[in-house]
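Student: Supplied in structure tokens, the structure appears directly below.
The values are calculated or read from the model by the stated rules, or taken from the named source; none is laboratory data. These numbers come from a predicted model, not from an experiment. Here Cβ is always computed from backbone atoms with ideal geometry, including for glycine, and neighbour counts include all displayed protein chains. Surface accessibility is based on the protein's heavy atoms, side chains included, excluding ligands, DNA and RNA. Shrake-Rupley method; radii C 1.70, N 1.55, O 1.52, S 1.80 Å.
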Amino acid sequence: MKTLLHVKSSVFGDQGQSAQLAERLIKRWLADNADGQVVVRDLVASPIPHFDAGSIAALSTPAEQRTPEQQAAVELSDTLIAELQQADAVVLGAPMYNFAVPSQLKAWFDQVARNGVTFRYTEQGPEGLLQDKPVYVLATRGGLYRDAGLDFQVPWIKLILGFVGIKQVEVIYAEGLNMSDSQASLAQAQSELDALALA
């Protein structure tokens, strides 16, 4: 049975454009994987604590010496990593807020990019430890950034996914959503979603 991980980060919940595009993609995936399982990680409904000194201390403390709070922090990281490891494919909703990913999504990446677990440093440089898999990034934006030299979001997402070993990244853009041609942009994104060869 295949598993699809849906990571949601729109502050508008299911009304967000990235969430609605994700639902369209997920329906297509389920049509091809009738016995498939969709695991939803909603980063807004269930926020992940932002990374801080306490997080680093918890991850670097031997298991037998951890406080209950530190153990809970490590277990959260373990759970998020396991969801990513076990997924055959990932749908990543990534609206743009102030030229970057939502802080909720950044918090998720901080928890799953973990030295010795999802990547390691070698004499040849960093090495990703996760098995490669398709990740479908739904990049929704109010303005036009992709071709204007102002897209700092998608290159960063590709960089950090590659850092942990995931290279198969497909990006569907829906731009200008706060502009007059928003419906045309959404229609184009939907068309591109429908044409994707899903794993």
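Student: Of all the C-alpha pairs in the chain, what % are more than 28 Å from each other?
Tutor: Tail of the P(r) past 28 Å holds 28 percent of the pairs.
Student: Also, quick follow-up: Accessible area per residue for the range 1-53 in Å², computed with a 1.4 Å probe and the full protein assembly in place, what is it? Provide the component values of the computation, followed by the final result.
Tutor: On the way: 2890 Å² over 53 residues.
Result: 55 Å² per residue.
Student: Dipole of the chain, Cα-centred, from +1 at each Lys and Arg C-beta and -1 at each Asp and Glu C-beta, to the nearest 20 debye?
Tutor: 100 debye
Student: For the range 52-105, what is the convex hull volume of the alpha-carbon atoms per residue, in Å³?
Tutor: Looking at the range 52-105, the number lands at 99 Å³ per residue.
Student: Select from the range 67-170 those GluC sites (Glu not before Pro) which occupy a DSSP coil region and have at most 12 other Cβ atoms within 10 Å, ordered by residue number.
Tutor: Counting only loop positions with at most 12 other Cβ atoms within 10 Å, the GluC sites (Glu not before Pro) in the range 67-170 are GLU123.
Student: Please give the net charge around THR79, taking every other residue with its beta carbon less than 13 angstrom from that of THR79, where Lys and Arg add +1 and Asp and Glu add -1. Before the final figure, lay out each step's value.
Tutor: Values: positive: ARG41, ARG114; negative: GLU75, ASP78, GLU83.
Around THR79, the charge tally is -1.
Student: So with the 1.4 Å probe, I'd like the accessible area per residue for the range 62-199, rounded to whole Å². All intermediate terms of the calculation are to be shown ahead of the outcome.
Tutor: Details: 6890 Å² over 138 residues.
Averaged over the residues of the range 62-199, the accessible area is 50 Å².
Student: Take the solvent-accessible surface of the protein heavy atoms, probe 1.4 Å, and return the percent of it on the chain that carbon and sulfur atoms account for.
Tutor: Carbon and sulfur atoms account for 51 percent of the accessible area of the chain.
Student: On a 23 Å Cα-Cα criterion, which of the cross-link pairs LYS2/LYS106; LYS2/LYS133; LYS27/LYS106 come out too long?
Tutor: In this structure, LYS2/LYS106; LYS27/LYS106 lie more than 23 Å apart at Cα.
Student: Another question about this same structure. Any chance you could check the Cα centroid distance between the range 161-199 and the range 13-87 for me, in angstrom?
Tutor: Here the answer is 22 Å between Cα centres.
Student: Oh, and also: How big is the charge dipole of the range 70-165 about its Cα centre, in debye rounded to the nearest 20, if each Lys and Arg gets +1 on its Cβ and each Asp and Glu gets -1 on its Cβ?
Tutor: Working: 7 positive and 10 negative charges, 56 e Å.
With only Lys, Arg, Asp and Glu charged at Cβ, the dipole is about 260 debye.
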